[in-house]
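Here is the structure we will look at.
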Amino acid sequence: AGMTGCGGSKGEPASSAAPAAAAQGNGNEMAETTAPETGKEPVTITFWHRDGNTTSNPIYAEVIKNFQEKYPWITVEYTGLASDSYTQKFNTAVVTESTPDVGTISDKDLYALVAQDALMQLDDAFNAWEERDNLLPNIVEQARFYAQDGNLYLLGYGKTQETSWYNTKWHEEKGIEPAGSIADLRTYCEEYAEDGTYYFSLRGGSGSAENLFMFILSYGGEKAFFNEDGTSTLNNPKVVEGLDFYANLYKDGLVSHDAISNGYREMVAEFGAGTAQYIMHNSSSVSEHTKNLGEGNFLPIRPLEGEDGIAVCKAPTFMGSVVFKNTEHPEEAVLFAEYLASAEGAGYVDRNEGRVPVNTGIYDQDWYKENPYFQIYAEFENDPNLVFAQFPIYLDGYAEYASNDIVADLQAVMMGDKTAQEACDKWAADLTRLQQEWMADYPDCRAAYMTDKRDCLRVLPGGGRL
């Protein structure tokens, strides 16, 4: 199945019968609710999925059917939640003590549930799980990081990978390799900007912060947003120079005049129309590229590297399963959460939802081997010159700050109304304050990890690795 954009669907909440109904007609029927002779008492557990819609409901119906065949004494009752309100549903359920046994969530929403003491720690179960070594280490690290107490509550099943995309057909016609470095990008932008066509589609409008920060951190040779003392790296001289470099692509007419207001749709449209041959975006846009350019005419490539040969990439966003503390059936709930993260369970979901697998056992599955995009993402994991930086989405207020202040300041620099130094000084001051407040709230865990390497934070605040 083709990949689909993540988080874009706003499915209506589905009753526990909905996936069964959706599966009918495809030969996928739910397992019987009465357990066969297994020597075990029948158990029913409830499962809420974060993005229930007409695509995902039948997918999870099949996953549940397969799980129930494997564990015939367990019946799973499913509810699909609307993606734009699922966190409210979970929070309400915590307050009213009506949580499900198992749920799926996005990594960024983990801390809110941990802070409410709503989730079961999965460290012991994970250590005993036969597939524990298959989960990508950086995904396990992120799960511990987002919990903010160093414990494991979330088992990942699929991620969104930051990447760049290039038009393979155009590059072949020109007889050139796609830009691998920021210096290459500038060279190509200068050479191929003519008659309303450009090499690079720059995103200066809505949602531009991620592209911007990957670019200027790579340019500046900075592998993290913060130093160990919590001070921001964003106003380091080389990073400031990187912002100037980025803005000058617009000032010098090397990207489209519309780049200053380009959001996702506009950037993808320029790429799809052939007015730009290279963009920075994540794995979720593959379906748009397929529709616009046709299969075989584009590929992902490692993000741009700086002068030191290091490319800084935003740590992948991932989805995972959690077990709620109030479950009356912890053993069965953990079995199902593990199944959702297993090569069998996650493999089916990733294949049909277009998620990038985080369980390496999936790499042996035929459908995965035949997917050209996933093969390239897998290479990212083993690339010593690609650094996955933890963007500060865990900081209170960062999401709004990135959407408003950072975009407005970037546009001001592109227009010449503000200098790169002024913008970077502002960002550094504001983010330093937020980071140091965060560090003050979690001193014990951070100090423990820094001094005796106990099982606490697997990444330093801001994304630095030990």
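Against the condition more than 24 Å from TYR60 (Cα to Cα), part of a helix (DSSP H, G or I), of a type in the set (S, T, N, Q) and touching a residue at least 60 places away in the same chain (Cβ under 8 Å), how does THR275 come out, does it pass? Against the criterion (more than 24 Å from TYR60 (Cα to Cα), part of a helix (DSSP H, G or I), of a type in the set (S, T, N, Q) and touching a residue at least 60 places away in the same chain (Cβ under 8 Å)), THR275 does not qualify.
Screening segment 271-298 for residues that are open to solvent by 10 Å² or more (accessible area, probe 1.4 Å), modelled with pLDDT under 95 and hydroxyl-bearing (Ser, Thr, Tyr) and picking the one that is farthest from the chain's Cα centre (by Cα) gives THR290. Against the test of being touching a helix residue (DSSP H, G or I) at 6+ places or on another chain (Cβ under 9 Å) and open to solvent by 10 Å² or more (accessible area, probe 1.4 Å), the options THR96, THR79, THR104, THR92 yield a single qualifying residue, THR79.
Scan segment 420-439 for residues that are open to solvent by 70 Å² or more (accessible area, probe 1.4 Å) and touching a residue at least 60 places away in the same chain (Cβ under 8 Å) and report the count. Result for segment 420-439: 2.
Between LYS65, LYS10, the distinction of being among the basic types (Lys, Arg), more than 22 Å from LEU154 (Cβ to Cβ) and modelled with pLDDT of 50 or more belongs to LYS65 only. Scoring ASP184 on the criteria (1) of a type in the set (Asp, Glu); (2) touching a helix residue (DSSP H, G or I) at 6+ places or on another chain (Cβ under 8 Å); (3) within 19 Å of GLU162 (Cβ to Cβ) leaves a single failure, condition (2).
Applying the criterion of at least 2 residues that are over 25 Å from the mean Cα position of the chain (by Cα) to the strands (runs of 3 or more DSSP E) found wholly in segment 32-135 leaves 43-49, 74-80. Scanning segment 143-158 for residues that are in a loop (DSSP other than H, G, I, E, B) and within 18 Å of ILE393 (Cα to Cα) turns up GLN148, ASP149, GLY150, LEU154.
Cβ separations smaller than 9 Å between residues 6+ apart or across chains give the following pairs from segment 218-238 residues that are aliphatic (A, V, I, L, M) to residues that are outside any loop (DSSP other than H, G, I, E, B) and surrounded by fewer than 19 Cβ atoms within 10 Å (Cβ to Cβ): LEU234/ASP425. Of all residues in segment 125-144, none satisfies being crowded, with 22+ Cβ neighbours inside 10 Å, farther than 22 Å from ALA378 by Cβ and not charged (D, E, K, R).
Selection of first residues in segment 109-127 that are β-branched (Val, Ile, Thr) and of second residues that are part of a loop (DSSP other than H, G, I, E, B) and crowded, with 18+ Cβ neighbours inside 10 Å, restricted to Cβ pairs under 7 Å at least 6 apart or on distinct chains, gives the following pairs, ordered by first then second residue: VAL114/GLN148; VAL114/TYR153. Do we find a residue being touching a strand residue (DSSP E or B) at 6+ places or on another chain (Cβ under 7 Å) and touching a residue at least 12 places away in the same chain (Cβ under 8 Å) anywhere in segment 147-154? Within segment 147-154 (the criterion being touching a strand residue (DSSP E or B) at 6+ places or on another chain (Cβ under 7 Å) and touching a residue at least 12 places away in the same chain (Cβ under 8 Å)), the answer is yes, since at least one residue qualifies.
Exactly one residue out of ASP84, ASP117 is open to solvent by 70 Å² or more (accessible area, probe 1.4 Å), in contact with a Lys or Arg (Cβ under 8 Å, 6 or more places away or on another chain) and under 21 Å from GLU328 (Cβ atoms): that is ASP117. No other residue among TYR339, TYR363, TYR368 is aromatic (Phe, Trp, Tyr) and touching a residue at least 60 places away in the same chain (Cβ under 8 Å) apart from TYR339.
The values are calculated or read from the model by the stated rules, or taken from the named source; none is laboratory data. Treat the numbers as computed from the prediction; the structure is a model and nothing was measured. Glycine also receives a Cβ, built like all others from the backbone with ideal geometry; neighbour counts cover every protein chain displayed. Ligands, DNA and RNA are excluded from the accessible area calculation, which covers all protein heavy atoms including side chains. Shrake-Rupley method; radii C 1.70, N 1.55, O 1.52, S 1.80 Å.
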